[in-house]
Amino acid sequence: MNSPKILDGKSVAAAVLDECRAETAELLTKGIQPGLAVVLIGSDPASQVYVGSKARTCAELGFHSLKIELPAETTQEELLQVVRDLNADPAIHGILVQSPPPKHIDEEAVIREIDPRKDVDGFHPENVAKLVLEDPSGFVPCTPAGCMKLLEVSGINTNGAEAVVIGRSMIVGKPMALLLVSKISNATVTIAHSRSKDLPAICRRADILVAAVGRPEMVKADWVKPGAVVIDVGINRVPDPSKKSGYRLTGDVAYQEVAPLCSAITPVPGGVGPMTIAMLMKNTLQAARQLS
Ligand code: NAD
C-alpha cells in the first residue's frame, strides 16, 4: 500500500489568501479598496453558506463587500437592472450572481449582462474566449484555477502528462481541460462525460485524473492507474444519520479505495473547495488592478 501525498487545499488556500491580504494592503495605500458584490436570489441553503463564506473572506482581507439578497420571485428584468447598477458602481470591481438561480431566470442572459471586466467568475463569453486564447487579462473560472494552483504548488508536472477530465460543464470541466492543454501546462487532455463509452478504461489512461461530475464516489479503484494524481472536484451531500446535520460531504472519488493507489490526491472536504474561494479573491484583486 502506498501512502499518497494529500493535496491540502486548506493550507494552499491560506497561502493564496495571505498573498491577497498583502496585495490588498498595498492597493489600499493607493486609495483602491477591492470591492466584490455577490447577488443571491432566493434562499437555497447551500448558496447561503457559499455567499456567507465569500463575505467573511472579503472582510478578512479588507475588501469592500456587498451582499445583495433578492427574493425568489425577482423578475429577470429586475435582476438585470441590479447587474447594470453594479456594472456602473465604481466601488465594485467583481460581480457574481450565485448559482443556481430560480428556474424562471435565464442565467446565461444574466452572465452576459455582467461587465466582462468585473466578471470574476470568468463565465462571460469574452472571458471564455480569453481563456481559449490564453490571454491573461481574462478571468479564469475559480474552481479550475484552484485545481491548477494546487497542482503547481504541489510540484506536479503536467508537461506531456495524460490528463482525463470527467465532466464538461462551463464552470469546471471545460475550463479545466483548457487550462491543462494550455501552452503553460502542456498536458494531453481527454474530456469524458455522461455519454462517454467505457469511462473506467478512459480514466485508467490518466496520469492526472480530474473528477467533476457530482456523483458520490463514482470513481473506483479499478478506474485509476497506479501512481496517478487524482483531483476530486465533486461536492456531494450524502445522508448520514450519525451527523448533526444529517449529511456528510463526499467527493466523486471513492477516496478510501482510490487513495492508496495514487501518488497524490485531494480530500473532500479540504481539497479543491477552499481553493475556489481563494481564487475568487485573487480574481477580484486582478479586476481591481485592471480597472484602476
Ligand atoms: P454539472 O452538473 O454542470 O456537470 C456535470 C458533468 O458531469 C456534465 O458535464 C456531465 O456530462 C458529466 N456527467 C454526469 N454524469 C456522468 C456520468 N455518469 N459519467 C460521466 N460523466 C458524467 O456539474 P459542475 O457544476 O461541473 O460540478 C461538478 C461537481 O463539482 C459537483 O459535485 C459540484 O458540486 C462540484 N463543484 C465543486 C466546486 C468546488 O469548489 N469544489 C465548484 C463547482 C462545482
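The values are calculated or read from the model by the stated rules, or taken from the named source; none is laboratory data. All of these numbers come straight from a predicted model, not from anything done at the bench. Note: ideal-geometry Cβ built from the backbone for every residue, glycine included; neighbour counts use all protein chains shown.
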Across (1) out of contact with any helix residue (DSSP H, G or I) (no Cβ under 7 Å at 6 or more places or on another chain); (2) in contact (Cβ under 8 Å) with a residue 12 or more places away in the chain; (3) of a type in the set (A, V, I, L, M, F, W, C), V97 clears everything bar (1)
Residue by residue through segment 254-292, note down the ones that are away from the ligand (no atom under 16 Å from the Cβ) and among the basic types (K, R). R289
May I ask you to list the residues in segment 228-253 that are away from the ligand (no atom under 14 Å from the Cβ), touching an Asp or Glu at 6+ places or on another chain (Cβ under 8 Å) and part of a loop (DSSP other than H, G, I, E, B)? A228, G246
Find all pairs meeting these conditions: Cβ atoms under 6 angstrom apart; at least six residues apart or on different chains; first residue within segment 1-30 and closer than 17 Å to P267 by Cβ; second residue β-branched (V, I, T) and modelled with pLDDT of 95 or more. P4/I265; L7/T266; G9/V272; V12/V153
Failed criterion for I184 (all others in (1) away from the ligand (no atom under 11 Å from the Cβ); (2) in contact with a helix residue (DSSP H, G or I) (Cβ under 7 Å, 6 or more places away or on another chain) hold): (2)
Sole residue being within 21 Å of S245 (Cβ to Cβ) and not in a helix (DSSP H, G or I), chosen from S53, S47, S43, S65: S43
Name the residue, out of G122, G138, G146, that is within 15 Å of the ligand (Cβ to nearest atom) and part of a loop (DSSP other than H, G, I, E, B). G122
Report, by residue number, each residue of segment 192-222 that is assigned to a helix (DSSP H, G or I) and either under 16 Å from R168 (Cα atoms) or within 11 Å of the ligand (Cβ to nearest atom) (or both). L199, P200, I202, C203
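Could you identify the single residue in V132, V128, V153 that is within 16 Å of the ligand (Cβ to nearest atom), at negative phi, touching a residue at least 12 places away in the same chain (Cβ under 8 Å) and among the β-branched types (V, I, T)? Break it down into steps so the answer makes sense when it comes.
Working: V132 fails: within 16 Å of the ligand (Cβ to nearest atom); V153 fails: within 16 Å of the ligand (Cβ to nearest atom).
Step by step, each of V132, V128, V153 is checked, and only V128 is within 16 Å of the ligand (Cβ to nearest atom), at negative phi, touching a residue at least 12 places away in the same chain (Cβ under 8 Å) and among the β-branched types (V, I, T).
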